Amino acid sequence: DQQVKQNSPSLSVQEGRISILNCDYTNSMFDYFLWYKKYPAEGPTFLISISSIKDKNEDGRFTVFLNKSAKHLSLHIVPSQPGDSAVYFCAASARDDMRFGAGTRLTVKP
Amino acid sequence: DVKVTQSSRYLVKRTGEKVFLECVQDMDHENMFWYRQDPGLGLRLIYFSYDVKMKEKGDIPEGYSVSREKKERFSLILESASTNQTSMYLCASIPEGHSGNTIYFGEGSWLTVV
């Protein structure tokens, strides 16, 4: 059973609006959470992360929120840009382990 | 510049063949991983290794084995390839005590089993 779940396979938003990507996990041993962005024919690239001791981390247009009690995290992109169109993977990490969600394909329309 | 190198980018193999996918990292990382990526299923962990000669099963180890004889090299082995193993395979490495943003991925190996 997948330990990290992204229940929305796709999301479409208008340029300039907010994109919200969601992720749920089941294993309470995870202590670090990450978002990766992936373009076709390339490996994933790191976007933003959050430690389990925090509930929010912000980097420019990207903010990740963590709700540990709900085992839920989300990525907010504000404002969304057409270049943000990609597949976004949520990942959860323990010391020697890292698991990924199925990904959400974000399309930002001009 | 740090690197994770997957020796084969594109392979076509026949059902029943033995397949080796090689991954080498030059960063002296302890932890190495093999994932496969399939549409709608994302990145699924096959096997990982946290030290030489150590290996742990991931979410989908069936039909695969791994070898880590040297720290820099982590090999994924398909003993008898099947068509449902057609996929894109990604190798990754992370240092001990990583902070999450130091995971490095290879460029991927596209395997087609016919």
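Observations on the model:
- Answer residue from region B:55-79, given it is within 24 Å of A:Ala92 (Cα to Cα), modelled with pLDDT of 95 or more and of a type in the set (Gly, Ala, Ser) and is surrounded by the fewest Cβ atoms within 10 Å (Cβ to Cβ) among those: B:Ser65
- Here B:Lys57 meets each of (1) under 18 Å from A:Arg99 (Cα atoms); (2) away from chain A (no Cβ under 12 Å) with one exception, condition (2).
- Residues in region A:28-45 that are more than 10 Å from chain B (Cβ to nearest Cβ), touching an Asp or Glu at 6+ places or on another chain (Cβ under 9 Å) and either more than 19 Å from B:Gly58 (Cβ to Cβ) or open to solvent by 40 Å² or more (accessible area, probe 1.4 Å) (or both): 2 in all.
- Looking only at residues of region B:16-40 that are open to solvent by less than 30 Å² (accessible area, probe 1.4 Å), over 10 Å from the mean Cα position of the chain (by Cα) and not β-branched (Val, Ile, Thr), we find that the one that is nearest to the other protein chains (Cβ to nearest Cβ) is B:Asn31.
- Conditions (1) away from chain B (no Cβ under 14 Å); (2) closer than 25 Å to B:Gly108 by Cβ; (3) modelled with pLDDT under 95: number failed by A:Thr107: (3)
- Meets criteria (of a type in the set (Phe, Trp, Tyr) and touching a residue at least 40 places away in the same chain (Cβ under 8 Å)) for A:Phe65: no
- Contact annotation: residue pairs with Cβ atoms under 8 Å, 6 or more positions apart or on different chains, pairing a residue in region A:37-50 that is among the aliphatic types (A, V, I, L, M) with a partner that is outside any strand (DSSP E or B), are A:Ala41/B:Gly108.
- Residue check for B:Glu22: within 22 Å of A:Glu42 (Cα to Cα) and part of a strand (DSSP E or B): yes
- The listed residue being buried (at least 19 other Cβ atoms within 10 Å of the Cβ) and either of a type outside the set (S, T, N, Q) or modelled with pLDDT of 95 or more (or both), out of A:Ile53, A:Ile48: A:Ile48
- Sole exception among (1) surrounded by 14 or more Cβ atoms within 10 Å (Cβ to Cβ); (2) in contact with a helix residue (DSSP H, G or I) (Cβ under 8 Å, 6 or more places away or on another chain) for A:Pro110, by number: (1)
- Residues (part of a loop (DSSP other than H, G, I, E, B) and open to solvent by 70 Å² or more (accessible area, probe 1.4 Å)) located in region B:81-97: B:Glu96
- B:Leu43 meets all of the listed conditions (1) open to solvent by less than 40 Å² (accessible area, probe 1.4 Å); (2) part of a loop (DSSP other than H, G, I, E, B); (3) at pLDDT below 90 but one, namely (2).
- Matching residues in region B:46-63 - criterion: being charged (D, E, K, R), out of contact with any Lys or Arg (no Cβ under 9 Å at 6 or more places or on another chain) and part of a loop (DSSP other than H, G, I, E, B): B:Glu62
- Test for B:Leu111: is it at the interface with another protein chain (Cβ under 9 Å from one of its Cβ atoms) and either surrounded by 15 or more Cβ atoms within 10 Å (Cβ to Cβ) or in a loop (DSSP other than H, G, I, E, B) (or both): no
- Qualifying residue in region A:4-25 (condition: within 12 Å of chain B (Cβ to nearest Cβ), open to solvent by less than 70 Å² (accessible area, probe 1.4 Å) and modelled with pLDDT of 95 or more): yes
- Some residue of region A:80-87 being among the charged types (D, E, K, R) and in contact (Cβ under 8 Å) with a residue 60 or more places away in the chain: yes
The values are calculated or read from the model by the stated rules, or taken from the named source; none is laboratory data. What you are looking at is a predicted structure, and each value in this text was computed from that prediction instead of being measured. Quick reminder, even Gly has a Cβ in these numbers, built from the backbone with ideal geometry, and neighbours come from all protein chains shown. Areas reflect the complete protein model, heavy atoms only, side chains present, ligands, DNA and RNA absent. Shrake-Rupley method; radii C 1.70, N 1.55, O 1.52, S 1.80 Å.
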